[in-house]
Amino acid sequence: MAIKAMGRRTRPPAAEVSEGTWIEVAALDKRYQPRRSAPTQALVDINLTVRRGEFISVVGPSGCGKTTLLKILAGLSPKSAGTVRIAGREVTKPLPEVGMVFQAPTLLPWRTIFDNVMVPAEIQKLDPARHRERAQQLLDMVGLTGFERKYPHELSGGMQQRAGICRALVHDPAVLLMDEPFGALDAMTREYMNVELLRIWRESGQTVVLVTHSIPEAVFLSDRVVVLSQRPGRIAEIVPIDLERPRDLGVMSSDRAGVYVDRIRAHFNAASVID
Amino acid sequence: MATTEVVGGARTPAPEKPTRRRLDLRERPQLWLVPAVFVVVVLAWEYGTELFSVDEYVLPRPSQIFDALGRQLGDGLFWSHLWVTSREALLGFLIGVGAAVLLGTFISQVKVVEATLMPYIVAFQTVPKVALAPLFVLWFGFGLTSKVVMAAVISFFPMLVNVIEGLRAADADRIQMLTVFGAGRAQIFRMVRLPTALPFIFAGLDIGIVFAILGAVVGEFIGAKEGLGYLLLQTNYNFDISGMFAVLVVLSVMGLVAHFVIRLLQRRLAFWAEDTRVIGA
Ligand SMILES: Nc1ncnc2c1ncn2[C@@H]1O[C@H](COP(=O)(O)OP(=O)(O)OP(=O)(O)O)[C@@H](O)[C@H]1O
Ligand SMILES: [Mg+2]
């Protein structure tokens, strides 16, 4: 059941982590300018550096620009001002070392679940045999064994979302962007997926930026939690989560975790936003 | 870990859906309703015409049509007429539909071409294509060519509209998804645009084949020495009204067979699309 990283990277030692800036966002502004309606300021002055191998979560009220931030990092959406770099390269178009999980599963209805998971490997013309094996391991891990030959409409929303997670991981991306990947899952599967995600992350040394609505989830998973304000999204606070790793779910009942959760929640209470 | 059991529960293989739909008359009442309606209409027609003594030169009875059909099917000459029309329709269909796929793909992929050609296409679409038949006979003669051209022209437009519309219909989120994973234009076309267009293309084929038969028959009306359209006119001149109806029956069957072949292909190739949005000519 354990899925191994493909051995391209190992998690860098702590000293290297502190120097290795992997994602760099400086003075980022984003303004949507629809053709026939008023512009929307989505993000204002976002400054964030993410170290290589770091796990970052982004929380914030609905509509504050979380998806927008991920899409800019993914090279899907142009920024209005500022700089965005991944691994030293300016992001102007999607980079091959980035994998993304979308807020909606976005599977192709004419492909089986297995072939959907293989999409990134196919696009990037990666060794089929090796990646088929990895796709199968990922599907096993998320509990979709036996559904490989099914089509997306034959699966529940949560199962489709899990297939989307496998797709984002199949080419073992150095950077993983996840937009509320566990939103459609029941609480128990969600906790299980959190634990699995941490294990994959630990084994592969990926740099992860995860958007979530769940503050406890953000605390459990992350090295740092980025709290965005209401729209237009600004960084209200970046909360370092100093809980020892590897973590298991037990850590969430500790007082220290509770303190972090309360501190992040206070931001939303102050703005009287119930999220 | 307590949660593995939950996920583990999903590990049993999903139950197989029955692949063949069962012949259950309660669940699918149309299985007996459709033939029942046919029998009722034919009986009403048969005895209604007798009851009101409708002249057989106005409306022949089903039994007479059936006799005429039997006569024709036993006649070698009839089969050669059928062959002529089928060939004209099929050739015209393939040419018209093929040209529409090529042009439609070109138009949908190159903005300038679209902007340049669209006004002409819209203008041509409003021309009643059937009215061009005399012209085609004048240009291409009484033989095969004029009918093939007619069938091609008339099946071209519904197909073209469907190809353009279908290639445009791709979901923006799906394109974004492929883009993130590094897909280029050609890969996006192959992996999303083309599959999205497939149900539209089948809708175009479905209308196209029926239109191609119509085109061939109309061409034969205007000027021909053979074919089912020619036979329709002959039976009409000879007051063989049952014979005329028999030809109409054969033409309908041709259209139906073509329709079912295309539906069958569609079920195989575009299995994910439940129903197609048909765009008319
Ligand atoms: N393509 C677009 N055109 C115009 N405005 C947009 C577009 N996409 C998003 N917006 C606007 O930008 C703001 C931020 O949207 P975004 O999707 O990033 O929010 P979000 O934080 O992901 O919200 P949620 O938690 O509900 O997913 C919203 O006010 C939205 O209306
Ligand atoms: Mg969002």
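The values are calculated or read from the model by the stated rules, or taken from the named source; none is laboratory data. Because the structure is predicted, anything quoted here is derived from the model rather than measured. Here Cβ is always computed from backbone atoms with ideal geometry, including for glycine, and neighbour counts include all displayed protein chains. Ligands, DNA and RNA are excluded from the accessible area calculation, which covers all protein heavy atoms including side chains. Shrake-Rupley method; radii C 1.70, N 1.55, O 1.52, S 1.80 Å.
Numbers below:
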read-out: Residue among A:208, A:226, A:219 that is open to solvent by less than 10 Å² (accessible area, probe 1.4 Å), of a type outside the set (Gly, Ala, Ser) and within 16 Å of ligand 2 (Cβ to nearest atom); value: A:226
read-out: Residue list for region A:229-251, filter: more than 16 Å from ligand 2 (Cβ to nearest atom) and buried (at least 18 other Cβ atoms within 10 Å of the Cβ); value: A:235, A:236, A:239, A:241, A:247
read-out: Among the residues listed as A:167, A:245, A:199, A:162, the single one being assigned by TED's automatic domain parsing to the domain that holds residue A:261 and assigned to a helix (DSSP H, G or I); value: A:199
read-out: First in region B:214-231 and among the hydroxyl-bearing types (Ser, Thr, Tyr), second anywhere and open to solvent by less than 10 Å² (accessible area, probe 1.4 Å), Cβ under 8 Å, 6 or more apart; value: B:230/B:220
read-out: Helices (runs of 4 or more DSSP H) contained entirely in region B:143-190, each with at least 3 residues that are open to solvent by less than 40 Å² (accessible area, probe 1.4 Å); value: B:144-168, B:172-180
read-out: Hey, residue B:166 within 14 Å of chain A (Cβ to nearest Cβ) and on the phi > 0 side of the Ramachandran plot or not; value: no
read-out: Restricting region A:149-159 to residues that are open to solvent by 20 Å² or more (accessible area, probe 1.4 Å) and in a helix (DSSP H, G or I), the residue that is farthest from the other protein chains (Cβ to nearest Cβ); value: A:157
read-out: Elements of type helices (runs of 4 or more DSSP H) contained in region B:28-110, each with 1 or more residues being in contact with a helix residue (DSSP H, G or I) (Cβ under 8 Å, 6 or more places away or on another chain) and closer than 22 Å to residue B:144 by Cα; value: B:76-109
read-out: Hits in region A:163-193 (condition: within 23 Å of residue A:253 (Cα to Cα), more than 16 Å from ligand 2 (Cβ to nearest atom) and surrounded by 24 or more Cβ atoms within 10 Å (Cβ to Cβ)); value: A:192
read-out: Single unsatisfied condition, residue A:265 versus (1) over 25 Å from residue A:43 (Cβ atoms); (2) out of contact with any strand residue (DSSP E or B) (no Cβ under 8 Å at 6 or more places or on another chain); value: (1)
read-out: Candidates A:240, A:173, filtered to the one that is under 19 Å from residue A:52 (Cα atoms) and either within 14 Å of chain B (Cβ to nearest Cβ) or of a type in the set (Asp, Glu) (or both); value: A:173
read-out: Residue B:96 vs. criteria under 29 Å from the mean Cα position of the chain (by Cα) and without any contact (Cβ under 8 Å) to a residue 12 or more places away in the chain; value: no
read-out: Where residue A:60 falls short, out of the listed (1) crowded, with 18+ Cβ neighbours inside 10 Å; (2) touching a Gly at 6+ places or on another chain (Cβ under 7 Å); (3) within 11 Å of chain B (Cβ to nearest Cβ); (4) not basic (Lys, Arg); value: (3)
read-out: Scan of region A:24-55 for residues that are in contact with a helix residue (DSSP H, G or I) (Cβ under 9 Å, 6 or more places away or on another chain), within 16 Å of ligand 2 (Cβ to nearest atom) and open to solvent by less than 50 Å² (accessible area, probe 1.4 Å), ordered by number; value: A:30, A:42, A:43, A:46
read-out: For residue A:11: the one exception among (1) at pLDDT 90 or above; (2) surrounded by 14 or more Cβ atoms within 10 Å (Cβ to Cβ); value: (1)
read-out: Helices (runs of 4 or more DSSP H) within region A:63-142 that include 2 or more residues at positive phi; value: none
read-out: Looking only at region A:77-96, and only at residues there that are surrounded by 21 or more Cβ atoms within 10 Å (Cβ to Cβ) and within 14 Å of chain B (Cβ to nearest Cβ), the one that is nearest to ligand 1 (Cβ to nearest atom); value: A:91
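Yes or no, residue by residue, for (1) within 16 Å of ligand 1 (Cβ to nearest atom); (2) in contact with a helix residue (DSSP H, G or I) (Cβ under 8 Å, 6 or more places away or on another chain); (3) under 29 Å from residue A:163 (Cα atoms); (4) within 14 Å of chain B (Cβ to nearest Cβ):
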| position | (1), (2), (3), (4) |
| --- | --- |
| A:198 | no, yes, yes, yes |
| A:202 | no, no, yes, no |
| A:213 | yes, no, yes, no |
| A:225 | yes, yes, yes, no |
| A:233 | yes, yes, no, no |
| A:262 | no, no, no, no |
| A:268 | yes, no, no, no |
